[in-house]
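Here's the structure we're looking at; comments come further down.
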Amino acid sequence: MRDIATAEYSNPMGRVKPLQQKETRVQNSIAQAVQAYQSGRHSTIREAADSQDIAYSTVSGRLLGRQSRRKAHVLDQTLGDVEERVVVKRLEMMDRRSFPLRVDMVRHMATRILHQ
């Protein structure tokens, strides 16, 4: 059994940046596949998708005008990107200070930022 004092601390808030970086890489790959098909470098959508290791349905959907999930739901979000970053920054600060985070506190913080 590992000693708790020497065990690595896994902070769930620390996963935000790597997930965003992965999403950016995936979106870039999709854009490259679409551009490769449209420029004629690949004669079929499937070839373009396979060249970037992206699903055929994703590339064909983008060619038909479908947006990424993130872009498609922007209007459904209560907080904008700037407000969301402010909330995340405050939560990370509270977490570093070992302050217990609760859902109602996060909701209250977001509401206060939204109404400022």
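Sub-8 Å Cβ pairs linking a first residue in the stretch 65-80 that is within 22 Å of Arg112 (Cβ to Cβ) to a second residue that is modelled with pLDDT of 70 or more and in a helix (DSSP H, G or I), at least 6 apart or interchain, are Gln77/Glu84; Thr78/Ala110; Thr78/Leu114; Leu79/Val87; Leu79/Ala110; Leu79/Ile113; Leu79/Leu114, ordered by first then second residue. Of the helices (runs of 4 or more DSSP H) contained entirely in the stretch 33-116, those carrying at least 3 residues that are among the small types (Gly, Ala, Ser) fall at 45-51, 56-63.
Could you check, for the stretch 106-116, whether at least one of its residues is touching a Ser or Thr at 6+ places or on another chain (Cβ under 7 Å), exposed (fewer than 13 other Cβ atoms within 10 Å of the Cβ), touching a residue at least 12 places away in the same chain (Cβ under 8 Å) and farther than 26 Å from Gln21 by Cβ? Yes - at least one qualifying residue is present in the stretch 106-116. When the test is whether a residue is exposed (fewer than 14 other Cβ atoms within 10 Å of the Cβ) and modelled with pLDDT under 90, Asp81 passes it.
The values are calculated or read from the model by the stated rules, or taken from the named source; none is laboratory data. Bear in mind that the values here come from a model prediction, so they are computed numbers and not experimental data. In this analysis, Cβ positions are derived from the backbone assuming ideal geometry, glycine residues included, and neighbour counts consider all displayed protein chains.
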